[in-house]
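One structure below.
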Protein chains: 2
Amino acid sequence: MNELLKQNINKHVQFSASELEEFCKYFQLKTFKKKEHLLKQGDVCKFEGFVLNGCFRIFTLDQKGSDNTLYFAARDWWLMDNDSFMHQNPSHLNMQALEDSEVLMISRTDKLMLYEKLPIVEKLFRVMSQKALVAWQRRLIRNHCETAKERYQNFLSTYPSIASKITDKQMASYLGITHEFLSKIKKQ
Amino acid sequence: MNELLKQNINKHVQFSASELEEFCKYFQLKTFKKKEHLLKQGDVCKFEGFVLNGCFRIFTLDQKGSDNTLYFAARDWWLMDNDSFMHQNPSHLNMQALEDSEVLMISRTDKLMLYEKLPIVEKLFRVMSQKALVAWQRRLIRNHCETAKERYQNFLSTYPSIASKITDKQMASYLGITHEFLSKIKKQ
DNA sequence: GAAAAAAATTGAACTAGTTCAACTCTTTGT
DNA sequence: ACAAAGAGTTGAACTAGTTCAATTTTTTTC
């Protein structure tokens, strides 16, 4: 049932079969209807998730109502708010299902327990965080040196399956441009 | 001598005195003259560093020659290229001293050994990476929803001691604008 | 301490991306 | 199946930020 999770873990760090079992047994399957929130800004984050099916959008809303998409999490992606999870302060993030979705979720209590009990879990998240860090640094640089059109085309070719699931408004919010301008880019 | 390093570590994860000793003894003091590179793009990264004194600029240069500053590392900051360090591929980053600087450096070999020998080191870098991740996500959002002027003013008030060490060109490269435009912002 | 190199300033013309408003097309809920 | 809400398109006027080129100021080097 959570074969996908096990494969995902082993892409980052080599777990033994028993470590995999022990770690994965704390994950519970939850389903989310389209538009349902896994996390709402203001909530304190008490869970982390791994997407089995469907797709989520992770975004912030600021005072002026401006909507900023941090990333999309489709099948085989992790969902976490490191800030709120770590410090147990109110989250700045929203995680909303873009379609009916299935997520394997682990509670904060269990995860903290597993960090202690199973040292390789520290390594797993250390490695995943370091990889994510590299990706965020690259994205920031691309935002500086590429035009909106280039970023749009790169997104289409890098994440075609996500691109097909999201609206143009959500795409524009990810790219950091207005949806009107995205519409003009597409016309060309 | 490396009190600062020990304090920095304990800000993230509580080490015992003996763990601190054991971890810190693998760091060696190196000095860098102004303009000297700790890492050059194309090199494979075999060290990580912790700045004791001075300041570094971490930046990329792309094909078109455009210069992008990822961050500045002054006293009490870490210097690492996670990508090249992890995969041992040629780095995309440059780390250059902006003034004469002192850095405590640890070799890749020693660090990998310490991950094995001292499990709390995994935790340290897991926690540091997760905090850094949060900071990078915030920076990306700010780049989308704030004007260049706002970002400039925020930088000045958040990092006044760094601001005083860098040229306007380097500041502009960090903000993602041209130095001509920064000059116009300052005039107002 | 003079010469050379690099950094900063300024202006004019330009362009990528925004804003606002009107309209159409598609999806959703009942 | 209909009404209502949301998503996408288009155009016109605008603005934040760029580009290029000339000039001045500051820093570096020998």
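The values are calculated or read from the model by the stated rules, or taken from the named source; none is laboratory data. Keep in mind it's a predicted model, so treat the numbers as computed, not measured. Ideal geometry is used to build each Cβ from the backbone, glycine not excepted, and the neighbour counts take in all protein chains shown. The accessibility values were calculated without ligands, DNA or RNA, using every heavy atom of the protein model including side chains. Shrake-Rupley method; radii C 1.70, N 1.55, O 1.52, S 1.80 Å.
Below are the figures for this structure:
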{"quantity": "Rounded accessible area of B:THR158 (nearest 10 Å², 1.4 Å probe)", "calculated": "80"}
{"quantity": "Principal-axis tilt of helix B:148-158 within chain B, Cα atoms, nearest 10 degrees", "calculated": "40"}
{"quantity": "Solvent-accessible area lost in complex, 30 Å² minimum, residues of the stretch B:122-138 relative to chain alone, 1.4 Å", "calculated": "B:GLU122, B:LYS123, B:ARG126, B:SER129, B:GLN130, B:LYS131, B:LEU133, B:VAL134, B:TRP136, B:GLN137, B:ARG138"}
{"quantity": "A:LEU98 long-range amide H proximity, modeled H, under 5 Å", "calculated": "A:LYS35, A:CYS55, A:PHE56, A:ARG57"}
{"quantity": "Long-range HN-HN contacts of B:VAL44 with modeled amide H, under 5 Å", "calculated": "B:SER91"}
{"quantity": "Inter-site label distance for B:ASP76 and B:ASP168 at 7 Å from Cα along Cβ, in nm", "calculated": "3.0"}
{"quantity": "Nearest-20 debye value, the protein assembly as shown charge dipole, Cβ charges on Lys, Arg, Asp, Glu", "calculated": "1060"}
{"quantity": "Chain A - charge dipole about Cα centre, Lys and Arg +1 at Cβ, Asp and Glu -1, debye rounded to 20", "calculated": "580"}
{"quantity": "D_trans [Stokes-Einstein, Kirkwood Rh over alpha-carbon pairs] for the stretch B:25-129, 37 °C, 0.692 mPa s, µm² s⁻¹", "calculated": "231"}
{"quantity": "Derived scalar couplings ³J(HN,Hα) [the stretch A:87-101; Karplus, 6.51 cos²θ - 1.76 cosθ + 1.60; whole Hz; x for Gly, Pro]", "calculated": "9, 6, 9, x, 6, 8, 9, 10, 10, 10, 5, 8, 7, 4, 9"}
{"quantity": "Calculated from backbone phi, Karplus (6.51, -1.76, 1.60) coupling profile of the stretch A:162-168 in Hz, x at Gly/Pro", "calculated": "6, 3, 6, 9, 10, 7, 5"}
{"quantity": "On Cα atoms only, tilt of A:119-145 relative to the major axis of chain A in degrees", "calculated": "10"}
{"quantity": "In degrees, nearest ten, helix B:108-117 long axis to first principal axis of chain B (Cα)", "calculated": "50"}
{"quantity": "Stokes-Einstein diffusion coefficient of chain B, Kirkwood radius over Cα pairs, 20 °C, 1.002 mPa s, in µm²/s", "calculated": "121"}
{"quantity": "B:LEU39 long-range amide H proximity, modeled H, under 5 Å", "calculated": "B:MET95"}
{"quantity": "Rounded accessible area per residue of the stretch B:3-118, 1.4 Å, Å²", "calculated": "46"}
{"quantity": "Rough spin-label spacing in nm, given labels placed 7 Å along Cα→Cβ, for A:LEU61 and A:SER157", "calculated": "3.6"}
{"quantity": "Length added when fully stretched, B:GLN88-B:LYS11, from 0.36 nm per residue minus Cα-Cα", "calculated": "24.8 nm"}
{"quantity": "Hydrodynamic radius of the protein assembly as shown per Kirkwood, over alpha carbon pairs, in Å", "calculated": "22.3"}
{"quantity": "Protein accessible area in chain A, 1.4 Å probe - carbon and sulfur %", "calculated": "52"}
{"quantity": "Estimated vicinal HN-Hα couplings, Hz - the stretch B:53-70 in sequence order (Karplus 6.51, -1.76, 1.60; Gly, Pro = x)", "calculated": "8, x, 7, 10, 10, 10, 8, 10, 10, 9, 3, 6, x, 6, 9, 10, 8, 6"}
{"quantity": "Heavy-atom accessible surface that B and A bury in contact, both chains counted, 1.4 Å, Å² to 100", "calculated": "3400"}
{"quantity": "Listed residues B:ASP43, A:ASP76 arranged by accessible area, highest first, probe 1.4 Å", "calculated": "B:ASP43, A:ASP76"}
{"quantity": "Helix-derived mean residue ellipticity, 222 nm - over the protein assembly as shown, DSSP H n ≥ 4, -39500 (n - 2.57), to 500", "calculated": "-14500 deg cm²/dmol"}
{"quantity": "Convex hull of the stretch A:1-61 built on C-alpha atoms - directionally averaged projected area, nm²", "calculated": "5.3"}
{"quantity": "B:LYS187, B:LYS40, reordered so the largest accessible area comes first (probe 1.4 Å)", "calculated": "B:LYS187, B:LYS40"}
{"quantity": "Positive-end extreme of charge dipole, the protein assembly as shown - chosen from B:THR178, B:ILE166, B:ASN8 (charges on Cβ)", "calculated": "B:THR178"}
{"quantity": "In Å², nearest 10: area of B:PHE47 left accessible to a 1.4 Å probe", "calculated": "80"}
